[in-house]
1. Got a sec to turn the phi values of region 115-123 into Karplus ³J(HN,Hα) couplings, 6.51 cos²θ - 1.76 cosθ + 1.60 with θ = phi - 60°, whole Hz, x for Gly and Pro?
2. If the chain between Asp203 and Lys269 were fully stretched, how many nm would it gain, using 0.36 nm times the residue separation less the Cα-Cα distance?
3. Between Leu56, Leu344, Leu95, where does the largest GNM mean-square fluctuation fall for the chain, given springs only between Cα atoms within less than 10 Å?
4. In region 321-338, whose amide N lies under 17 Å from the spot 7 Å out along Cα-to-Cβ of Glu53? List them in ranges.
5. Need the full-extension length gain, Thr377 to Leu42, defined as separation in residues times 0.36 nm minus the C-alpha distance. One decimal, nm.
6. In which sequence would Thr244, Thr160, Thr168 go, from the one with the fewest C-beta neighbours within 10 Å to the one with the most?
7. Dipole size in debye (nearest 20) for region 42-188 around its Cα centre, Lys and Arg Cβ +1, Asp and Glu Cβ -1?
8. Within region 93-406, how many Lys pairs sit with Cα atoms under 21 Å apart, leaving out pairs fewer than 8 places apart on the same chain?
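Every number in this text was worked out from the coordinates using simple rules, so none of it is lab data. None of the values given here were measured: they were computed from a predicted structure. Cβ coordinates were reconstructed from backbone atoms using ideal geometry, including for glycine residues, and neighbour counts include every protein chain displayed.
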Amino acid sequence: MATRREFLQGAAAAVGAAGGMGMGQSSVGAVAVPGAPDVGSLYPFVASQATREPALSWLRPGARDLAAWKRRARGKLLDLLQYAPPRCAPNAEILERIDRGDHFLERVRFNTTPDVRVPAFVLIPKGVRLPAPGVVNLHDHGGFYLWGKEKLVALPGEHTALTEFRKTSYEGRSTAVELCRRGYVVIVIDMFYWGERRMLLDDDPEDWRTRPASMPPQRVPEFNARSAGACPLVNHTIQAAGFTWPGVMLWDDLRTLDYLASRPEVDPKRLACVGLSVGGFRSCHLAALDDRIKAAVVVGWMTSFPHQLKKHIRWTLGETMLIPGLTRHLDYPDIASMAAPTALLVINGSRDTLFAPEGVRSAFDKLAACWAKAGATDRLRTRLYDTPHEFNVAMQEEAWEWLERWL
């Protein structure tokens, strides 16, 4: 009988390459025919069932009062997430405080539920008047599970795989550090299943447990492939327990905002969120679910779900983002519009193959209509860069200008 590791490694092999920007969902390993639907003969039926104008869209004629509509839409989303642990105090513990010249870096743990303590970095700028505005910086997916928060904060002596990943996704920059240097108090957590919260098995080798900088480079994609292959099993186990993976992810982000707002260095009236890829998904939902967010940046994660069905589900709507039944009620730009009139900047790449181009255009058009209906046209900006799936320096500069404008 195969061991558990052998089973999961076999599943990972079926997934194919997991080291790129894919979202970690399973693949049957078949070679796709260009232009053909990924689900073949099943596509006409699936497409016929898709909801073209979701029941709770802000653009529905019956939706007139923005505040009332947001309460109703948020209630539906939270209900579908199926995850509402008891609220608790963060009970934060500062494990280490490091002077890094122009800022302090704190290693922190705090509670998001009575039973869950989340690891985080908090970056506090020097030479600025406190309390300062606060930013929740949300790390990406990237098929790269071995580290989480470290993707956004370079540390001395880090593994070369982290440095290379940051070059590809962020043009070499540590976005949390860049934000801190601009006068923001910044928090970055490890998302569930990433970094210190990654899945380890009883018989895993020592290097996967300790993540030394000396670990042979090939060991990183091997761990990432194992983690990607296990995503369906983890998700099935979570759902069998009665909750959802996105529920955990978004609850943690909301409670992270609570903790950031409670810090004495932070002005709770000037809060923002920024993220790439699944970090963009998280940034969108955090702004949608909490009016304390006054400015949000969503990078590399905007589309309309129906346009994804033919060829763009495989690497986008993975286990971390699939909320059962949601699209009957809200398309993705409808979720984003729950943030209105919050200042929202959305950036996508025209060469980002995760999204159908017509889906991005449709989402941008719907966002514009939603912000116009909310009377906040000036608080929305949608941008399409001639780039692949990344958050490059030019995008970052536009994002920082957006935050400065609204905070």
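1. With the stated coefficients, region 115-123 comes to 10, 10, 10, 9, x, 8, 9, 10, 10 Hz.
2. Extending this stretch completely gives an extra 19.0 nm.
3. Maximum fluctuation in the GNM of the chain, among the listed residues, is at Leu95.
4. 328-335
5. Roughly 116.6 nm would be gained on extension.
6. Lowest count first: Thr160, Thr168, Thr244.
7. For region 42-188, the charge dipole is close to 620 debye.
8. Taking the Cα cut-off of 21 Å, the pair count is 7.
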